[in-house]
Amino acid sequence: MPEPGESSQVLSALMENTDRRTFLTRASVLSLAIPAAGAALTACSLSGGAGRADSGQGGEGAGRARQHNSDSRLDSVVLHGENRPATSATGASTQGAPNVAYQRRDPALPPAPTSGRVQLHWHAREAPVRISDDTVIAGWTFEGDVPGPFVHCRVGDTVEFTLTNDVDIPHSMDFHAARIDPKQAFRSVPKGQSVTYTFKPKYAGAFMYHCGTAPVLMHIGSGMFGAIIVSPREPLAPAKDFVLVQNEFYLADAVKGLRAPDYQKMLNMVPDVVCFNGRPNQYVNEPIRVKVGDRVRFWVVSAGPSHPCHFHVVGGQFDTVYLGAPPGSALRGVQTFTVAPGGGMVYELLCDAPGEFPFVNHGFGHGQKGAIGLLVVEA
Ligand SMILES: [Cu+2]
C-alpha cells in the first residue's frame, strides 16, 4: 500500500495502462480509493476545468462550468489533486461507530401529501449505520440512513428536490420516477454545493432512487438508494401498505467496530448480506402485523446494486401483481414475481387466514443472507 505522498506516482504508473478494468483491479489491489482513483484518471484526461465543478441550482452553471453526467463515465473530476483513503471509514463515518443504536426500519408507507406538492431538501453524508446486533457499516447515505427516506406522492404531484453534498466525494440523485434531462438534474455536486430540480411523476408504481455518481456500483453499494412510491390519482383498494427495498451489502472486515463497503466484492457480486430496508432479518425479529381480512400491498423495490428480488410469500398467493403502473396490467394468482435491480413492483395479498407468513426472496441463496421477513396475520 502506498504512502500518502506516493499516491500520485502510483496513479501515474497505473494510468500508463489505458484499460479501465486493469486500472481498477490494480487500484483495488493497492487499496486506493476507487472514487479518488477515478478522479485522478478523469482529471488526467481533461485539460483545465478540474475542480471547477458546476454549482448552484437548476443548471445555472451551464456554459461556464463543466457538466457531469455520472451515469455514463468516471466523472469525479471535482476531486482533482486530492488523495483519499481506501474506504469511507474515515471522519464522520467512524465517529462513535461501536455505540450506534440499532433501529428497526418502519416499513409502513407514509401518507402522500394532500397539497399536491412534495418538497425535499436532503443531505448526502457519511454515517455509521447499525444493520444488525454485530454489524455497523460505514454508510454513504441520503439523510443518514440506509436506505434513504421513503417518499410517497401521487401521479401529477410536483416533487421539488434539493440535494446538498456534505462530504468530500461528489454525489448526485437519480429519481427513476422522473423524466428529465439527466445531464442537468442528475449531475454530481462537490462538497458544500447543491443541485435542485423539479419533476411530476407520470406513472404510478414503486420507483428506485439512487446516487448516480461514478462508479455508480460503489455509490449504490455503499448505501445511497431508496424508494419513491407513486400512487395513482384514483385510489387503489383500501389496504395496509408497506415498502420493502431490497439491497445487497458487500463489506470489508471490521476495523474499530466498523465495516466499510468493499468495491472488489461489489464487482464480484457475492454479497455478505441481502436484506429488506437495510437490516437483515429485521422483520423476522420484529414482524409486520396485520389482521385477518386485511389486504396487504407491498411496494417492492430492488435497489441491487446487482441482484434481483424474487418476491414470494410462503403460504400465500398474490391476489394481484401489477406488471406496470397500478391499477393497469394486473396479473392474478401469482406465486413469485421478480423485481429487476433498479426496478419496482406492486404486490397485493388478501389475508383471509391467521398465521405467520414468511415473505422472502425465493432466490434462497439471498433469502438466507437476510432477505426474509414475517407477515403475522392476527385473528
Ligand atoms: Cu454518491
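Listing for the model above:
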item	result
Ranked 121, 152, 366, criterion: other C-beta atoms within 10 Å, fewest first	121, 152, 366
Distance in nm between pseudo-label sites at residue 336 and residue 103 (7 Å out along the Cβ direction from Cα)	3.5
Region 111-201 - Kirkwood radius from inverse mean 1/r over Cα pairs (Å)	14.2
Dmax and Rg, reported as Rg then Dmax, of region 164-222 (C-alpha, Å)	11.9, 35
Cα Rg, Dmax, region 275-379, angstrom units	13.1, 39
For residue 213, residues with placed amide H under 5 Å, excluding near neighbours	172
Length-normalised contact order of region 192-347 in % [C-alpha pairs under 8 Å, at least 6 apart]	26
Placed amide H near residue 262: partners under 5 Å, 5+ positions off or other chain	250, 251, 252
Computed label-point distance, nm, for sites residue 364 and residue 202 using a 7 Å Cα→Cβ extension	4.3
Computed lengthening from residue 119 to residue 376, 0.36 nm per intervening residue step minus Cα-Cα distance	89.1 nm
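Read-outs: derived from the displayed coordinates by stated rules, not from any lab. Since the structure is predicted, the reported quantities are computational estimates derived from the model, not experimental observations. As a convention, Cβ positions derive from the backbone with ideal geometry for all residues, glycine included, and neighbour counts pool all protein chains shown.
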